[in-house]
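Read through the structure below, which is laid out as structure tokens, and then see the notes.
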Amino acid sequence: MFLSKEEEKILDGEKGWILERAMRLLTTIGDLNNAERLVPIKRSQVAGVSYKTVGDPTLHLVEELARETVRVRTKATQNPAGMDLKRWREMGVPEGFAEKQLRICRAYEKLGVEALCTCTPYLSGNRPEFGEVVGFSESSAVAFVNSVVGARTNRHGGLDALSAALIGKVPLMGYLLDENRTGDVHVKVCFKPRKETDYSALGYYVGKEIETSEVPVYDGIKDASSDELKLLGAASAASGSVALFHVLGLTPEARNIRRAFGGKKPKYKLEVAREEIRSVYDELSTRENPDLVAIGCPHSSVQELKKIAELISGRKVKRSIKLWVFTSPKVFEEAEKSGYISIIRSAGGDVFLNTCMVVAPIEEIGFRCVYTNSAKAAFYIPRMTKNRCKSGIAPLRTCIEMCTTS
Ligand code: F3S
């Protein structure tokens, strides 16, 4: 891989051990993927924040890095933590967990990575432009910015996203290159998605069916909101590893079929009918009654909070169940001004920031069954709780009806 004189100096350790290691990681990844060189970035999203998912090794590593003077060179934001950074006691998060979580977030902040703690940084001021090269980790954010925004990122892990933020560059490879951004699989959508969960189930099904690094092109979706595409992308990145998808006629690099496939023939066709979607609902749903209804995977947008407020208005959350909604601080502020947060809270629900039902220690808090409108969350909850917590998926309206009385 070609390195400039400046990059070579960093690799030789002339700018300190942290940048040397960061550069070593990026050049190793680049070499393994035949990257020609590094290219500059101005934005990063850094995963590896929740104490539940990263534990003590990352806590110690990030604290060690933060003791030095090195800082990130990009606008960089943290992925969700394991709790609401201010209201963790209201969530019932154990003290010992909270202490370590706060240390992780502080250490990242010292490195210059903002403690926004959201998986939707693109709704909170860290939104790239069309064609912009960025270094994002968090699979749902990667899928969204690549596919819906038309920016360019590979699917980074937490450590290489942090390295990229520190160096301000990423290897030129993978989804940064035109030839890897065109469609591989023609997904014929043979049903009309009726609810947001249908998009989520569709993404989940396709993610499971196609091979790693294949780019699906959805054909047959007439209209979908950016929130629905957010759910679709998150689910396909969870059940498979889809980092980029196109929706014919809707997403920026798929205005027509020729553009979507780059003039190539699709490798194969995949038909998805209502039956396949039903199979996803069955696979991801327990028959047990939930003790938590959790919405906001990926973190809720203002429009989603508005919808929840409309659905819950005039209803009351039952005593036997909790309703928790997750979002980012900036979206919260906007929704609060519009009155949506107070409607949700006065109905007995709560809105938490910085975390979600997957990366918070919900099993330690005491929950045993969670219903949600996100296939990604329904997929991960049993896995992330070692089956101490079951999960189910249902449309938002059903979720709200399930946990409230009129
Ligand atoms: Fe975000 Fe948590 Fe879902 S990080 S995408 S809300 S699993």
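The values are calculated or read from the model by the stated rules, or taken from the named source; none is laboratory data. Computed from a predicted model, the values in this text were never measured in an experiment. Please note: Cβ atoms are built from the backbone with ideal geometry, for glycine as well, and neighbour counts cover all protein chains shown. Side chains are part of the model used for accessible areas, which takes the heavy atoms of the whole protein and leaves out ligands, DNA and RNA. Shrake-Rupley method; radii C 1.70, N 1.55, O 1.52, S 1.80 Å.
Here are some notes:
- Remark: the chain carries 42 Å² of accessible area per residue (probe radius 1.4 Å; ligands, DNA and RNA excluded).
- Cβ-based net charge around Y175, under 9 Å, with every Lys or Arg adding one and every Asp or Glu removing one: +3
- Cα centroid separation, region 244-299 to region 169-221 (Å): 7 Å
- Percent accessible area from carbon and sulfur atoms, region 21-75, protein chains only, probe 1.4 Å: 48 percent
- Counting only DSSP beta bridges whose two residues both lie in the chain, roughly 10 percent are antiparallel.
- Counting only DSSP H runs of at least 4 residues, each contributing -39500 (n - 2.57), and dividing by the residue count of the chain, the helix-based mean residue ellipticity at 222 nm comes to -12000 deg cm²/dmol.
- With every protein chain in place, region 242-347: carbon and sulfur % of accessible area (1.4 Å): 47 percent
- The local environment of H60, defined by Cβ-Cβ distances under 12 Å, has a net charge of 0 under the rule Lys, Arg +1 and Asp, Glu -1.
- Distance histogram in 5 Å bins (all Cα pairs of region 287-336, percent per bin): 5, 18, 26, 23, 17, 8, 2, 0
- GNM top mover of C119, C105, C389 - the chain, alpha-carbon springs below 10 Å: C389
- Share antiparallel - DSSP beta bridges, region 281-406, percent rounded to 5: 10 percent
- Among the listed pairs K42/K169; K75/K110; K86/K390; K5/K42; K188/K269, those beyond 18 Å (Cα-Cα): K86/K390; K5/K42
- Total charge dipole magnitude, region 239-335, about the Cα centre, Cβ charges on Lys, Arg, Asp, Glu only, Debye to nearest 20: 320 debye
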